[in-house]
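Notes to accompany the following structure.
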Amino acid sequence: MQAAPRSERIWTAALVVIGDEILSGRTQDRNIAQLAAWLNVQGIRLAEVRVVADQADAIGEAVNTLRVRNDYLFTTGGIGPTHDDITVDAIAAALDLPVIEHPEARAILEDYYTTRGGVTPARARMARTPEGASLIPNRVSGAPGIRIGNIFIMAGVPHITAGMLDALTGTLEGGQPVVSGTIGCWVGESEVADLLRQAEKAHEGVAIGSYPFFREGRTGANFVVRSPDAAMVATCIADLTAALEAQGHRVIADGI
C-alpha cells in the first residue's frame with residue numbers, strides 16, 4: 001500500500017495501553033515512547049494516551065472515545081493466547097461486530113507453529129479478529145496485529161510492537177514530520193517563562209517545551225523547539241538564544 005502525499009493538515013493519533021500489569025507497576029510501558037517517535041516520522045502526532053485495565057467496558061469506552069476524535073487509534077496489549085487477553089473481544093463489542101477466526105491469520109499461525117508444536121486451542125485464539133478486519137504483519141512471533149477501520153490492534157511486547165510498526169511504515173496518510181531543536185541553560189524555568197511565551201508567540205506554528213532539572217547542585221532547563229518547518233525551528237532557536245544571552249544567560253547548543 002502506498003501512502004498518500006504529505007499535507008499541511010495536522011494528523012493525530014491516540015494510544016490505548018491495555019493491561020493490569022502496567023497499572024500495577026509490575027511492567028513498565030515502553031510502547032508510548034516508541035509509538036510517538038514512529039508516528040512523528042509518519043507526520044502524525046500522538047495527541048493522547050490512556051492506560052486501562054483488562055476490563056471490556058474500560059477498553060470499549062476508551063476505544064470508542066479516542067477513535068472518533070483522532071485520525072488513528074492504536075492499542076497495545078491483550079491479544080495473546082490466554083483467557084485474559086480480551087482486547088479483540090472488547091473492541092469488537094465496542095464496534096458492534098462479531099468476532100471471527102480470520103482465515104489468513106489461521107494460515108499464518110499454522111505455518112509458524114509447524115515446527116513449534118502446532119496450533120493449540122490457546123494459540124488459535126490469536127487468529128480471532130473483529131469481522132472485516134485486515135492484518136498487520138508480525139515478523140517476530142507469527143501472530144499478526146489487526147486493523148479495523150482507523151484502529152490498529154497490536155501486541156504489548158515492545159519488540160513485537162516495533163516489528164508491527166515497521167510493517168506499517170509509509171502506509172498511513174500524514175502531514176509533515178515534526179522536527180525539533182534543543183538548547184539548554186543554567187537558569188530557573190520561572191525566570192524565563194515570559195521570554196519563552198513571547199518567543200513561541202513570535203514564531204507561529206512553533207511549540208516550545210521547557211524541561212527543568214536539578215543537577216550538580218544547580219537548577220537548569222532544556223528548551224525544545226518543535227515545528228514541521230525546519231527553517232522556523234532554526235530561526236526560533238536563534239532568536240531564543242539571543243534573548244537568553246541578552247539576559248546574561250549562557251546558552252548551550254543541543255541541551256545540557
| Here are some conditions: (1) under 30 Å from G217 (Cα atoms); (2) open to solvent by less than 30 Å² (accessible area, probe 1.4 Å); (3) within 22 Å of the chain's Cα centre (by Cα); (4) not small (G, A, S). T182 meets all but one. Which one does it not meet? | (2)
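Based on this model, can you work out whether A143 counts as within 27 Å of the chain's Cα centre (by Cα), assigned by the TED database to the domain that holds P103 and surrounded by 17 or more Cβ atoms within 10 Å (Cβ to Cβ)?
Criteria met by A143.
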| field | Odd one out for S210, checked against (1) of a type outside the set (A, V, I, L, M, F, W, C); (2) in contact (Cβ under 8 Å) with a residue 24 or more places away in the chain; (3) touching a Phe, Trp or Tyr at 6+ places or on another chain (Cβ under 9 Å) | value | (2)
| request: Report whether or not I148 is of a type in the set (A, V, I, L, M, F, W, C), open to solvent by 10 Å² or more (accessible area, probe 1.4 Å) and over 19 Å from I22 (Cα atoms). | output: yes
| request: Using the structure shown, decide if G174 is open to solvent by less than 20 Å² (accessible area, probe 1.4 Å), more than 30 Å from A143 (Cβ to Cβ) and not basic (K, R). | output: no
| Residue among R197, R215 that is free of Cβ contacts under 8 Å to residues at least 12 places away in the same chain and more than 19 Å from the chain's Cα centre (by Cα) | R197
| query | Among the residues of the stretch 175-207, which ones are in contact with a strand residue (DSSP E or B) (Cβ under 6 Å, 6 or more places away or on another chain) and over 19 Å from A246 (Cα atoms)? | reply | G175, V178, S180, G181, G205, V206, A207
| Quick check, is G118 in a loop (DSSP other than H, G, I, E, B) and open to solvent by 40 Å² or more (accessible area, probe 1.4 Å)? | no
| note | Only one of (1) without any contact (Cβ under 8 Å) to a residue 12 or more places away in the chain; (2) β-branched (V, I, T); (3) in contact with a Pro (Cβ under 6 Å, 6 or more places away or on another chain) does not apply to T65, and that is (3)
| request: Kindly establish whether R139 is in a loop (DSSP other than H, G, I, E, B) and of a type in the set (K, R). | output: yes
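Restricting attention to the stretch 179-209, and to residues there that are part of a strand (DSSP E or B) and aliphatic (A, V, I, L, M), which single residue is modelled with the highest pLDDT?
Among residues in the stretch 179-209 that are part of a strand (DSSP E or B) and aliphatic (A, V, I, L, M), the one modelled with the highest pLDDT is I183.
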| Only one of (1) open to solvent by 20 Å² or more (accessible area, probe 1.4 Å); (2) touching a His at 6+ places or on another chain (Cβ under 8 Å); (3) more than 30 Å from A14 (Cβ to Cβ) is not met by D254, so which one is it? | (2)
| task | Scan the stretch 227-250 residue by residue and report those that are surrounded by fewer than 18 Cβ atoms within 10 Å (Cβ to Cβ), more than 30 Å from W11 (Cα to Cα) and in contact with a helix residue (DSSP H, G or I) (Cβ under 8 Å, 6 or more places away or on another chain). | result | A243, Q247, H249
| request: From the list I160, I208, pick out the single residue that is open to solvent by less than 70 Å² (accessible area, probe 1.4 Å) and out of contact with any helix residue (DSSP H, G or I) (no Cβ under 6 Å at 6 or more places or on another chain). | output: I160
| Within the stretch 210-238, how many residues are farther than 16 Å from G255 by Cβ and in a helix (DSSP H, G or I)? | 4
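The values are calculated or read from the model by the stated rules, or taken from the named source; none is laboratory data. What you see is a predicted model; the values in this text were computed from it and never measured. Please note: Cβ atoms are built from the backbone with ideal geometry, for glycine as well, and neighbour counts cover all protein chains shown. Keep in mind that these areas ignore ligands, DNA and RNA; they rest on the heavy atoms of the full protein, side chains included. Shrake-Rupley method; radii C 1.70, N 1.55, O 1.52, S 1.80 Å.
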